[in-house]
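Quick notes on the structure that follows.
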Amino acid sequence: MPQNSKYSDTQFENLMHDIIIALEKHQAGRDLSLMALGNVITNIFMQQVNESQRSEMADKFTQVLLKSINAK
């Protein structure tokens, strides 16, 4: 996903590495990985995003995801 944030590339890459290692450790295939990551994303929206902003932010997230996977 394109990264426009206040976080450094190193911080972002380290987090991505840890997530990938966790998925590999549990031998999570595509479906299980997507289910788990989807639930993590849902949890972030529910716990860290104001209810009045969730739908708009989810739409933006979806647009960025689609743009990212279609750019390949």
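Hey, rough spin-label estimate for Ala22 and Ala36, points 7 angstrom out along Cα→Cβ, what's it come to in nanometres?
Each label point is offset 7 Å from its Cα along the Cβ direction, giving 0.8 nm.
In the chain, if every C-alpha pair distance is counted and binned at 5 Å from zero, what percent goes to each bin?
In order of increasing distance, the bins hold 3, 13, 16, 24, 27, 13, 3, 0 percent.
Tally Lys and Arg at +1 and Asp and Glu at -1 over the other residues with C-beta under 14 Å from the C-beta of Leu37: what net charge comes out?
Details: positive: Arg30; negative: Asp18, Glu24, Asp31.
Here the count lands on -2.
Values in this text are rule-based calculations from the coordinates and carry no lab data. Only a predicted model underlies this, so the values are computations on that prediction, with no experimental measurement involved. All Cβ positions, even for glycine, are placed from backbone atoms using ideal geometry, and neighbour counts span all protein chains on display.
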